[in-house]
1. Against the conditions (1) within 19 Å of the chain's Cα centre (by Cα); (2) closer than 30 Å to V98 by Cα; (3) buried (at least 17 other Cβ atoms within 10 Å of the Cβ), where does A266 fall short? Just the number, please.
2. Go through segment 164-200 and report how many residues are within 11 Å of the ligand (Cβ to nearest atom), surrounded by fewer than 21 Cβ atoms within 10 Å (Cβ to Cβ) and more than 24 Å from T223 (Cα to Cα).
3. Does any residue of segment 96-110 turn out to be under 20 Å from A274 (Cα atoms) and under 19 Å from the mean Cα position of the chain (by Cα)?
4. Restricting attention to segment 120-138, which residues are over 17 Å from E214 (Cβ atoms) and not hydroxyl-bearing (S, T, Y)?
5. May I ask you to verify whether E6 is in a helix (DSSP H, G or I), among the acidic types (D, E) and in contact (Cβ under 8 Å) with a residue 24 or more places away in the chain?
6. Answer yes or no as to whether V110 is within 12 Å of the ligand (Cβ to nearest atom), crowded, with 24+ Cβ neighbours inside 10 Å and within 30 Å of D292 (Cβ to Cβ).
Amino acid sequence: MSEEYEAIIIGGGPAGLTAGLYLMRGGIKALLLEKVLPGGMPLNTGRVENYPGFPEGISGRELMERFAAHAKVFGLPIREFAQVVSVSREGTRFAVTVNDATILTRGVIVASGTEPLKMGIPGEDALVGRGISYCATCDGMFFKGLDVAVIGGGDSAIEEALSLANIVRRVHVVHRRDTLRAQKILKERAFRNPRMDFLWNRRPVEIVGKDQVERLVIEDTKTGQREDLPVSGVFVYVGNRADTGFLGDLVQRDPAGFIITDEGLATATPGLYAAGDIRKKTLRQVSTAVGDGAAAAVGLERYILATQQ
Ligand code: NAP
């Protein structure tokens, strides 16, 4: 016999954990499925400074441990290492296939977030874990006293470059334009940091190294001229993608693959909601993910009550 819940939440980041807390408080029998361990994207962030209520800042890990603990206070069951393979409509219910089991549910909140984009250049795949990283918080310590490159000009690149600058000897920020996309406060800190420099209008074209990264080849986007940047590490922050293939045609997506919702975070399929970074939205932060989780949970709770047989 299949397991059955009133609500399944897919993803244990800030949006999913908030949705779980709200559903449990609303008396909905919910289960959260997390493909690895709860925490989501903030686990890769050294210090979160813009989540209200923590004037001194808080480590991403500690903040997410608090989120998970808070959801558990209301009894939210969290199933770890539960990778959802597909979601489909089965009459008035959804069938959620996870690992090799199927769970039935009245409604679903998809909060499975995004994953880092790769640069797609020669040497990248071969040297992942051997000098190439997508997480400075996880791997920065391996580069103590060495020179590294950070690729990208967004909030992630600059925030992580600043944290690397506390550990490594020199951080070269390689950006394809001559202005950063990152928030002003981060930019100002980065420009003041004596251990950071900026290689403007440069794009990475190859990473070279035998067993470990030895150098990055970068190209001037205006002249096409190539040069070698000797570094031991390359930290990649060129954006993120949403993996929504497991939802088939149950949702509509924007051209970049993010899920389109209405104001109440409902998708094109009644009973299916999306929350957090996976959703088409303008601002991706812990604070906006929390708002999404709450709104999606309340939307789903109302849907369940309205369609009760
Ligand atoms: P992002 O904002 O999409 O920035 C990606 C950066 O990579 C951009 O500077 C982009 O250049 C560059 N880029 C893209 N493709 C490239 C390629 N093939 N080669 C070289 N460079 C490439 O991604 P993100 O920084 O990960 O941020 C994602 C979201 O999370 C954003 O909404 C951000 O505000 C949010 N976030 C917020 C915080 C915070 O509030 N503290 C921290 C982290 C992330 P262009 O600028 O030329 O497009």
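1. Evaluating A266 over (1) within 19 Å of the chain's Cα centre (by Cα); (2) closer than 30 Å to V98 by Cα; (3) buried (at least 17 other Cβ atoms within 10 Å of the Cβ) leaves (1) as the failure.
2. 3
3. Yes, because at least one residue in segment 96-110 is under 20 Å from A274 (Cα atoms) and under 19 Å from the mean Cα position of the chain (by Cα).
4. Result: G120, C135, A136, C138.
5. Numbers: in a helix (DSSP H, G or I): no; among the acidic types (D, E): yes; in contact (Cβ under 8 Å) with a residue 24 or more places away in the chain: yes.
So E6 does not fit the description; no.
6. On the way: within 12 Å of the ligand (Cβ to nearest atom): no; crowded, with 24+ Cβ neighbours inside 10 Å: yes; within 30 Å of D292 (Cβ to Cβ): yes.
So V110 fails the test.
Here's the yes/no breakdown for (1) in contact with an Asp or Glu (Cβ under 6 Å, 6 or more places away or on another chain); (2) of a type in the set (D, E, K, R); (3) modelled with pLDDT of 95 or more:
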{"residue": "P122", "(1), (2), (3)": "yes, no, yes"}
{"residue": "M141", "(1), (2), (3)": "no, no, no"}
{"residue": "G152", "(1), (2), (3)": "no, no, yes"}
{"residue": "I158", "(1), (2), (3)": "no, no, yes"}
{"residue": "V168", "(1), (2), (3)": "no, no, yes"}
{"residue": "R181", "(1), (2), (3)": "no, yes, yes"}
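The values are calculated or read from the model by the stated rules, or taken from the named source; none is laboratory data. Here the structure is a predicted model, which means the values were calculated and not measured. Using ideal geometry, Cβ is built from the backbone for each residue, glycine included, and neighbour counts are taken over all protein chains shown.
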